[in-house]
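Note sheet for the following structure.
The values are calculated or read from the model by the stated rules, or taken from the named source; none is laboratory data. What you see is a predicted model, and the numbers here were worked out from it, not measured in a lab. Reconstructed Cβ throughout: ideal geometry from the backbone, glycine too, with neighbour counts over all protein chains shown. Side chains included, ligands, DNA and RNA excluded: accessible areas come from the protein's heavy atoms. Shrake-Rupley method; radii C 1.70, N 1.55, O 1.52, S 1.80 Å.
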Amino acid sequence: MLPVDGRSLSLAKKILSEGRLVAFPTETVYGLGADAFNDSAVSLIYRTKGRPSDNPLIVHLHKDYDISRLVDGIPDYARALSAAFLPGPLTMVYKSRGAVCPAVSCGLDTLAVRIPSHPCAQAFLKYVDIPVAAPSANISKHVSPVTAGHVYDDFKGKIELILDGGKCSGGIESTVLDCTGKVPCVLRSGLVTRDMIAQVAGECDEYIMKDGERVRSPGMKYKHYSPRCKTALFAYADRMQALRLYRECDCRGERAYIMCDRQTAADMGDARILDLGGDEREVAANLYDRLREGERVADMIIAVAPLKQDGVMVGVMNRLTKACG
Ligand code: TXA
Ligand code: MG
C-alpha cells in the first residue's frame, strides 16, 4: 500500500509491464488493473477475483488517450456526453476495434471505456500510458472497495501494489452506458443519472433485463455487493417492521444493526445504526463503507430503503437490493 508519487508510479508501471496487477483509486471505487494488451495479465484479473469469465471488464484511459485507437463508430450524442461528463463516473460502451485482448470484453464485439476523474487515477493512467483493464478491486460478489484498506482486506498479500488515494468520494460504480445504438441506454445506474444523460443527449433508455433475453451487460445477472453476514431489506414504508425484526434479534442474543439514511434513523429510537448520511450523494458515498463496517460488527444488517427513489438513488437501490435483498 503506497501513496501515489514518483516512486510508486514507476513501480506500478514495472508491475503492469510484467503482466501483474496494480490496484488504484478512482472517484467511484478502487479498481484492480492490468495491461489491457496482455492476455495473461487480463486472465490473472479473473483468476485473482474469482470472477466469472463471461463478465467483461472496463478499460480505463487517461484523458488525453486517443480512444479512436480502441473503438469505432462514436455517435454524436456520445461526443456531447463525453464533453459534459468526462473525466468522470460514466463508462461508455462502443463498437470495439479489437485492439485490446479479447478476454477484456469476453469475446463481445463491444468495449467499455472509462476516463476516471480521480487525480490519482489520472496520474497513474498518464504515467503508464496504456489502456488499463480493471474491475472493482474486490473478491467477486463481495462489497466493492472504497478505501485501500478494503482492497487489502479482500486480497491480503495477493496484490503486489495498492496505490492509496484515500476514500473514494463517489462510492458506487460508474454508470455504464451503451452507446452503440441510436439512443444511449443505461446498462448500470450510477452517479451520472439517466436524467442527466437525457438532458445532454435528448433521450436516454434504460435497460431492463427480461427473462430469456440475451444479457446486454453480463455483470447484471450475478449476485453482487454481498456483506458476509445475514441481511434483510425493508421498504421505507415498512421501517417499523425493520425495527420489530431488530428487537427480535436482540431477544435472540443476535447483534443487529439498522442501516438507513439520517431521516429514517430519527424514527429508530435508540437502535444501533449504520448511518448512510443525509442526502443521495452522501448515501452513495457511504453505502459500501457501511456494508463493510456492518459485516465486521453485526450478526445481521437490517437495511431500510430511503424514501427518495429517483436520481442517484436508482443506482443506490440497485446495489442495496443485490446486497441485502
Ligand atoms: O466505477 C467503476 O466502473 C469501477 C471502477 C474501478 O472504474 N469498475 C467497475 O468494474 O465497476 P466492474 O468490473 O465491477 O463492472 C463492470 C461492469 C459490469 O457490469 C460489466 O458487465 C459491464 O461493466 N461491462 C463491461 N464491458 C461491457 C461491454 N462490452 N458491454 C456491456 N457491459 C459491459
Ligand atoms: Mg464490481
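Brief remarks on what is shown
- The portion of the accessible surface of the stretch 228-325 made up by carbon and sulfur, rounded to a whole percent, is 48 (1.4 Å probe; DNA, RNA and ligands excluded).
- Only lysines eight or more places from K182 in sequence, or on another chain, were considered; those with a Cα closer than 20 Å are K95.
- All aspartates and glutamates inside 20 Å of K13 as judged from Cα atoms, apart from same-chain residues fewer than 8 positions distant: D5, D35, D39, D64, D66, D129, E160, D164
- In the stretch 104-179, Cα pairs under 8 Å separated by at least six residues give a relative contact order of 21 percent.
- A full extension of the chain between L245 and R97 corresponds to an added length of 48.0 nm, given 0.36 nm per residue minus the alpha carbon distance.
- The modelled label-to-label distance for the pair S17/R47, using points 7 Å beyond Cα in the direction of Cβ, is 2.3 nm.
- In the stretch 219-275, Cα pairs under 8 Å separated by at least six residues give a relative contact order of 25 percent.
- The peptide list 247-257, 19-29, 137-147, put in order of mean Cβ contacts within 10 Å with the highest first, becomes 19-29, 137-147, 247-257.
- Karplus 3J(HN,Hα) series, Hz, for the stretch 177-187 with 6.51 cos²θ - 1.76 cosθ + 1.60 (x for Gly, Pro): 10, 6, 10, 9, x, 5, 10, x, 9, 6, 9
- Length-normalised contact order for the chain - Cα pairs under 8 Å, 6+ apart - percent: 19 percent
- Residues of type aspartates and glutamates that K158 reaches as a straight line, Cα spacing below 17 Å, ignoring anything fewer than 8 places off in the same chain: E18
- Share antiparallel - DSSP beta bridges, the chain, percent rounded to 5: 40 percent
- Helix 312-324 and the long axis of the chain differ in direction by around 70°, with both axes built from C-alpha atoms.
- Gyration tensor (alpha-carbon) shape descriptor, the stretch 141-207, a/c threshold 1.5: prolate
- For the chain, the longest principal axis of the Cα atoms and the long axis of helix 6-17 meet at an angle of about 70 degrees.
- Seen from all directions on average, the stretch 285-325 presents a Cα convex hull projection of 2.9 nm².
- Whole-percent carbon and sulfur share, accessible surface of the stretch 59-156, 1.4 Å: 53 percent
- For the stretch 83-241: span of alpha carbons on each principal axis (Å, largest first): 50, 42, 31
- For the stretch 1-122, the solvent-accessible area works out to 39 Å² per residue, with a probe of 1.4 Å and every protein chain left in place.
- Stokes-Einstein diffusion of the stretch 217-325 at 20 °C, 1.002 mPa s viscosity, Kirkwood radius from Cα pairs, rounded to a whole number: 155 µm²/s.
- The length gained by stretching the chain between R255 and D5 to full extension, at 0.36 nm per residue less their Cα-Cα distance, is 85.8 nm.
- Across all Cα atoms of the chain, the radius of gyration (one decimal) and Dmax (whole number) stand at 19.7, 62 Å.
- When the chain is treated as a GNM with alpha-carbon contacts under 10 Å, the residue of G98, G170, G31 showing the greatest mean-square fluctuation is G98.
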